[in-house]
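Encoded as structure tokens, the structure appears first; notes follow it.
Taken together, the values in this text are just the output of simple stated rules run on the coordinates, not laboratory data. Please read these numbers as outputs of a predicted model, since none were measured by experiment. So basically every Cβ, Gly included, is an ideal-geometry build from the backbone, and we count neighbours across all protein chains shown.
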Amino acid sequence: MYMTDKKLLPVHIIDWYDGVVLATVDASWMDGTCIAALIYWDQPGRLRVYALLPTSVAEADQLASNTREWVDLKQDIARMFENATDSIEIVCVDERTGLVVNETRVESTLVAPLVPSDAGETLSGERRAWLDVF
């Protein structure tokens, strides 16, 4: 069942593998810009689970225009998630429609160690439990 018309609209794609892995996005139901970090990818089921961290437009633009090394950019994003004091919005997106099919909030301490991940890491069977948080 879909949650109305909720979508993630990419502003700056930072990492892509058959879909967004890491990007700044506008979430159609939230005010402002967020960093969307893929934490689990159910490839056969065509579902992606993202952690959404609100950020300023200026910060998002800085991340997107960054000319530093990839490892430095990943460290900056990891630090942003580690420093989050509020709970983190988690959404499950159906790749076929682009619509959010589930959403919830979890403590930032559960998400921070996983962000950012490369696409291969998000396929891990250990991460399948992220589908159970909804």
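Some notes on this structure:
- Sparsely packed loop sites in the stretch 20-126 (the chymotrypsin sites (Phe, Trp or Tyr not before Pro) outside DSSP H, G, I, E and B with at most 10 other Cβ atoms within 10 Å) do not occur.
- Of the trypsin sites (Lys or Arg not before Pro) found in the stretch 1-54, those that fall in a DSSP loop while having at most 16 other beta-carbon atoms within 10 Å are 46.
- Subtracting the Cα-Cα distance of residue 126 and residue 107 from their residue separation scaled by 0.36 nm leaves 5.0 nm.
- Each Cα pair under 8 Å and six or more residues apart adds its sequence gap; the mean of these over the residue count of the chain is a relative contact order of 27 percent.
- Among (i) 11.5; (ii) 9.2; (iii) 7.5, the entry derived from the coordinates for mean projected area of the Cα convex hull in nm²: (iii)
- Helix 70-82 vs. the chain, principal-axis angle (Cα, 0 to 90°, nearest 10): 70 degrees
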